[in-house]
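**Q** What follows is a single structure, and I will ask about it in a moment.
Derivation of every value follows stated rules applied to the coordinates shown; laboratory data play no part. Note that the structure is a prediction, hence the values are computed from the model and not measured. Quick reminder, even Gly has a Cβ in these numbers, built from the backbone with ideal geometry, and neighbours come from all protein chains shown.
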Amino acid sequence: MSAPSKSHSLPADAATEEQRIALDRVSKVFGRVAAVRETSLEFIHSRIYVLLGDNGAGKSTLLRMMAGLAQPTSGSITLHGYTRERMGYMAHASLLYDELSGMENLRYFAQLYGMAANTDAVSRCAGVMSSVALDPALATPVRDYSQGMRQRLSLARAMVHSPQVLLLDEPFSNVDAASASQMTALLSKLRHAGCLIVLVTHQLSVVKDVGDEFITFRAGQLISSRRRGQLRPTDIIQ
Amino acid sequence: MSASTNSSGAILRANLAKDLRLEWRSKDALNAMGFFALLVVVIFALSFDPTAEESRRIAGGIFWVAFLFAAVVALNQTWAREMRNQVLDAYRVSPASASALFLGKVLGNFLFVGAIEAVVAPLFMVFYNLRPLGPAWQLIVVFLLGTWALVANGTFFAALSLRTRNREVMLPLLLFPISVPALLSMVEATTTILAGDGSAGMWMKMLAGYDVIFTVAGLLLFELVMNAE
C-alpha cells in the first residue's frame with residue numbers, strides 16, 4: 001500500500017466548542033437480552049474514542065444507535081452542534097455493492113449526500129480513494145478486492161461526504177499492519193481537523209497511540225473509561 | 001452539504017442507474033425471470049392444443065399468471081442486493097429520501113419485467129397463434145398498466161418481507177392475494193382485446209386506479225418499512 005495522499009477527507013468546517021454527542025442512560029433491549037444498559041457518555045469533537053470489550057459487549061449496538069440505525073429502548077442520544085447528515089458510518093459489513101467498482105460505489109454514495117454527478121464530485125471521490133491508498137482508476141468490482149482493500153474502501157465510503165463525526169465498527173479487522181498504521185495516521189489527521197471519531201475495535205495495540213479515550217464495555221455495561229496515558233498493560237493484553 | 005441541496009430527482013436517477021448497472025452486470029433477475037416466463041408459456045402451449053377461439057379466451061390468464069410468478073423472482077432479487085453486505089444501512093444513514101429508493105426500485109423492476117415481456121409476448125402470440133380482434137394498441141396500454149401494478153405492489157411487499165426468515169416464501173403469500181383485483185383487470189382486459197368482444201375500457205380504468213392507489217400507498221409507507229428494526 002502506498003503512502004496516503006494529501007487529498008484525504010477533512011471536515012469542511014471547523015469544529016466548535018459546543019459540538020458533542022451526549023448519551024443519557026441509554027439502554028437497548030432485544031427480547032430478554034439487554035445489549036446496552038443505562039449508558040451515559042459524552043463524546044466531544046476533535047477526539048478519538050475507542051470502544052473496547054468482548055463480543056456481545058454492546059459496542060456495535062451503541063454505535064448503531066449513535067448512527068440512527070437503531071432506537072434506544074430507553075434513554076436518549078442528543079447531538080449538540082452536529083447533524084446526522086454529517087455523520088459517517090462504517091459497519092462490520094462492508095456496506096458496498098460487490099458488482100460495482102470502488103469508484104462507482106463512492107460516486108453513488110456521494111450522490112446520496114447531495115453531491116451532483118459532476119467533475120467536482122468525481123475528483124472528490126478520487127481524492128478520498130487515494131487517501132485510503134486505493135487507486136481510483138481500478139475498474140475491478142469490489143467482489144474481487146482483498147478483505148483489506150474492502151475495509152479501506154469502506155472507510156472511504158464513510159468519509160466521502162466530509163463527515164464531522166465518524167463512527168467506525170472494527171475498521172482494522174483483516175487489515176495488514178502497514179495498512180492499519182496508515183489508516184490510523186489518516187484518522188489522526190481527521191481528529192486534528194476537528195472530526196469526532198468513535199471506533200470499535202478488538203485491536204487495542206493498533207490504536208493505543210492515537211486514541212484519546214478508551215471506554216470498556218462488558219455485557220452491555222460501561223466498565224471503565226481511561227485516557228491514553230492511563231492505559232494499563234493488562235488493557236492492551238485484553 | 002445535504003441531499004436537500006440535491007433534488008430528489010437526482011437521487012432517484014442515481015438509484016435507478018445503480019440498479020440498472022447492477023442488473024446489467026449480474027443479469028440475475030433477467031435470466032431467471034425470462035427463463036421462467038418462457039418455460040410456463042411453452043409448457044402450456046405443449047400441454048393444450050386449443051383452437052384459435054379457445055386460445056383467445058385463455059391467453060390473457062396464462063400470460064399474466066406466468067408474469068406474476070416470474071416477477072416474484074426479480075422482486076426478491078432487487079432487495080436481496082440491498083441486504084448483501086448490509087448496503088441498505090448505508091442508505092439509511094444518508095439523508096437521501098426513502099421514497100427515492102422505492103421509486104427507483106419500482107422503475108428498475110418495471111424496466112426489467114417490461115423487457116422480458118417485450119421478448120416473451122411476441123413468442124407467446126406465435127405459440128398460441130394469436131391475433132387480436134380488438135384494438136391492438138390497447139394491449140400495449142394494458143401491458144404498461146399491468147406491469148406497473150405488479151412491480152409497484154411487488155417492490156413494496158418484497159421490502160416488507162425483507163427481514164422475515166423465509167422472505168422468498170413470504171413474498172408470494174403477501175403479494176398474490178393483494179394482486180387479485182389487478183390480475184383480474186389485466187386478464188379481463190387482455191381477453192376482451194384479444195377476443196374483440198366489447199370494450200376493455202372499464203378494466204383499464206380499474207387497473208389505472210389500482211396503480212395510483214398502490215403507488216401512493218407504497219411511497220407513503222415505505223419509509224416505515226425501510227427503517228423497521
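**Q** Tell me the mean residue ellipticity at 222 nm calculated for the protein assembly as shown from its helices only (DSSP H runs of n ≥ 4, each -39500 (n - 2.57), averaged over every residue, nearest 500).
**A** Helix-only estimate at 222 nm: -18500 deg cm²/dmol.
**Q** Throw me the Rg/Rh for region A:97-156, computed over C-alpha atoms with Kirkwood Rh, two decimals.
**A** Ratio of gyration radius to Kirkwood radius: 0.94.
**Q** Dipole of the protein assembly as shown (Lys/Arg Cβ +1, Asp/Glu Cβ -1, origin at the Cα centre): which of A:Y49, A:F109, B:V212 lies farthest to the positive side?
**A** Ranked along the dipole, the leading option is A:Y49.
**Q** In addition: What is the average number of partner chain Cβ atoms found within 10 Å of a Cβ in A:211-219?
**A** Per-residue shielding by partner chains comes out at 0.
**Q** Looking at chain B, do any whole DSSP H helices span at least 20 angstrom along their long axis by alpha carbon and average 1.6 or above on Kyte-Doolittle, and which?
**A** Correct list, ordered by number: B:28-47, B:98-127, B:136-160.
**Q** When Lys and Arg each count +1 and Asp and Glu each count -1, what net charge do the other residues less than 12 Å away from A:T184, Cβ to Cβ, add up to?
**A** With Lys, Arg at +1 and Asp, Glu at -1, the neighbours total +2.
**Q** Using 0.36 nm per residue, how much length does the chain from B:I178 to B:V141 gain when fully extended, once their Cα-Cα distance is taken away?
**A** 11.2 nm
**Q** For the pair B:V42 and A:N55, what calculated FRET efficiency results from E = 1/(1 + (r/R0)^6), where r is the Cβ-Cβ distance and R0 = 45 Å, to the nearest 0.05?
**A** Computed FRET efficiency for A:N55 and B:V42 comes out at 0.30.
**Q** Set the Förster distance to 45 Å, then compute FRET efficiency between A:A22 and A:A116 from the Cβ-Cβ distance, nearest 0.05.
**A** For R0 = 45 Å, the calculated efficiency reads 0.85.
**Q** How far apart, in nanometres, would the label points at A:Q230 and B:L130 be if each is projected 7 angstrom from Cα along the Cα-to-Cβ direction?
**A** 7.6 nm
**Q** Using 0.36 nm times the number of residues separating B:S8 and B:T164, minus their current alpha carbon distance, what extension gain do you get?
**A** Answer, rounded to one decimal: 53.2 nm.
**Q** Next question. Could I have the simple spin-label model distance between A:K189 and B:I213, label points 7 Å from Cα toward Cβ, reported in nm to one decimal?
**A** Rounded to a tenth, the inter-label distance reads 5.8 nm.
**Q** A further question on this structure: Among the lysines, which fall within straight-line cross-link reach of A:K189, defined as a Cα-Cα distance under 30 Å, with same-chain neighbours fewer than 8 residues apart omitted?
**A** Hits, sequence-local ones excluded: A:K6, A:K59, A:K208.
**Q** For B:S199 and A:H202, what is the calculated FRET efficiency with R₀ set at 41 Å and r taken between the beta-carbons, to the nearest 0.05?
**A** 0.05
**Q** What value does region B:67-208 have for Rg/Rh, both radii from Cα atoms and Rh as Kirkwood defines it?
**A** We get a ratio of 1.04 for region B:67-208.
**Q** So how far apart, in nm, are the two label points at B:K27 and B:A115 if each is 7 Å from Cα heading toward Cβ?
**A** Here the modelled spin labels are 1.0 nm apart.
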